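Heads up: the structure comes next, in structure tokens.
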Amino acid sequence: MALLHWNFESQYLGNNTDLSIILPDRPHTVDAADFFSSGKKYPVLWLLHGTFGDHTDWVRKSNIERYACQRNLVVVMPSCLNANYLNWPGFGTGYNAWDYLFQELMPLVYHWLPVSSRREDNFIAGLSMGGRGVFQYVAGHPEAFAGAAVLSCAPNNLHNLRLDENATGDQAAFDQRTRNLIQNFGNMEGYLQSPANVWDKLPQLIQEGNLPRLYFCCGTEDFLYPSHTAFKAYAQEIGLPATFEEEAGYTHEWAFWDLFIQKALDFFEI
């Protein structure tokens, strides 16, 4: 495979940003001029990093390049800071990660690289915060993807959100990030009306019948496993067509994500 590191000034992120892109490589039996002028358009996986990560995470910590090579698949891995893949107009000159994917990154990739824009050739996956980005993007634009995989994350019922002013450690940090999200949208009502609130949108999306194939997975020792099981029960209640898998013994870790990105690609039937 060919690994491309792309740095450019983003209109929607308000700064220079980075991408890692895996591209199919020329088979040794094919002439270079013939291969690069063929006009072939490849299927694409939009692959999202988690909190504290960036565009290099999947390449450095998993074998995604090898898995993509086996499937002749383009993989696009953007950097979106810790923005939860949402718009933050009050940050810097404006950091609009929600708009970035659809209004800038997809047009760039479709028109500058040998990538198919057809829905049936587009897939999206992500881990942890990236999984949150996946179901937010899918709920906002279900027509854009044929399949979506959420690793170690799940939508939450934001109406049941409780923030503990006396929390400590990891819980205190999580609660503060949630307060920042709420403040970003003005107040709790604004947060509920934002793309982050997938839970409330799903019944209508099911009725419209345009959702891509959905895959959710989580390790049983993951601290987010309770939210995975709660969402699984809600999905069964509302009749969401989705596949859920759990694996005993795994925490929030790359050993799990490397294993289950392979299962996700198999689920997509790429």
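The values are calculated or read from the model by the stated rules, or taken from the named source; none is laboratory data. On a predicted model such as this, the values are computed, not experimentally measured, just so you know. Reconstructed Cβ throughout: ideal geometry from the backbone, glycine too, with neighbour counts over all protein chains shown. For accessibility, only protein heavy atoms count, side chains too; no ligands or nucleic acids. Shrake-Rupley method; radii C 1.70, N 1.55, O 1.52, S 1.80 Å.
Within region 1-25, track down each residue that is surrounded by 15 or more Cβ atoms within 10 Å (Cβ to Cβ), touching a Leu at 6+ places or on another chain (Cβ under 9 Å) and of a type in the set (G, A, S).
S10, S20
Please specify each residue of region 1-27 satisfying the condition of being of a type in the set (S, T, Y) and within 19 Å of C69 (Cβ to Cβ).
S20
Being out of contact with any Pro (no Cβ under 9 Å at 6 or more places or on another chain) and at positive phi narrows it down to one of G209, G219, so name that one.
So the residue among G209, G219 that is out of contact with any Pro (no Cβ under 9 Å at 6 or more places or on another chain) and at positive phi is G209.
May I ask you to verify whether R119 is among the basic types (K, R) and more than 13 Å from the chain's Cα centre (by Cα)?
So R119 fits the description; yes.
If a residue counts only when it is over 21 Å from Q204 (Cβ atoms) and open to solvent by 40 Å² or more (accessible area, probe 1.4 Å), which helices (runs of 4 or more DSSP H) contained entirely in region 88-188 have at least 3 such residues?
Of the helices (runs of 4 or more DSSP H) lying wholly inside region 88-188, those with at least 3 residues that are over 21 Å from Q204 (Cβ atoms) and open to solvent by 40 Å² or more (accessible area, probe 1.4 Å) span 106-112, 169-184.
What helices (runs of 4 or more DSSP H) completely inside region 198-270 contain at least 1 residues that are over 16 Å from the mean Cα position of the chain (by Cα) and more than 16 Å from V138 (Cβ to Cβ)?
Correct list: 225-238, 254-268.
If you scan region 50-70, which residues turn out to be assigned to a loop (DSSP other than H, G, I, E, B) and open to solvent by less than 30 Å² (accessible area, probe 1.4 Å)?
G50, G53, H55, S62
Scanning for something open to solvent by 60 Å² or more (accessible area, probe 1.4 Å), closer than 15 Å to W254 by Cβ and in a loop (DSSP other than H, G, I, E, B), does region 28-49 turn up at least one residue?
Scanning region 28-49, I find no residue that is open to solvent by 60 Å² or more (accessible area, probe 1.4 Å), closer than 15 Å to W254 by Cβ and in a loop (DSSP other than H, G, I, E, B), so the answer is no.
Can you pull out the residues in region 216-242 that are under 17 Å from L259 (Cα atoms) and touching a Leu at 6+ places or on another chain (Cβ under 9 Å)?
F216, C217, C218
Could you figure out which of (1) closer than 22 Å to G92 by Cα; (2) of a type in the set (D, E); (3) touching a residue at least 40 places away in the same chain (Cβ under 8 Å); (4) not in a strand (DSSP E or B) isn't true of D25?
For D25, the exception is condition (1).
Scan region 91-105 and report the pairs whose first residue is free of Cβ contacts under 8 Å to residues at least 60 places away in the same chain and whose second residue is open to solvent by 30 Å² or more (accessible area, probe 1.4 Å), with Cβ atoms within less than 7 Å and a gap of 6+ or a chain change.
Pairs found: F102/H141.
Of all residues in region 237-256, count the ones that are open to solvent by 60 Å² or more (accessible area, probe 1.4 Å), touching a strand residue (DSSP E or B) at 6+ places or on another chain (Cβ under 9 Å) and within 26 Å of E208 (Cα to Cα).
2
Among the residues of region 257-267, are any open to solvent by 50 Å² or more (accessible area, probe 1.4 Å) and touching a helix residue (DSSP H, G or I) at 6+ places or on another chain (Cβ under 8 Å)?
Within region 257-267, one or more residues are open to solvent by 50 Å² or more (accessible area, probe 1.4 Å) and touching a helix residue (DSSP H, G or I) at 6+ places or on another chain (Cβ under 8 Å).
Charged (D, E, K, R) and touching a Lys or Arg at 6+ places or on another chain (Cβ under 9 Å): does that describe E245?
In short, yes.
Filter region 74-87 down to the residues that are closer than 15 Å to F8 by Cα and in a strand (DSSP E or B) and list them by number.
Correct list: V76, M77, P78.
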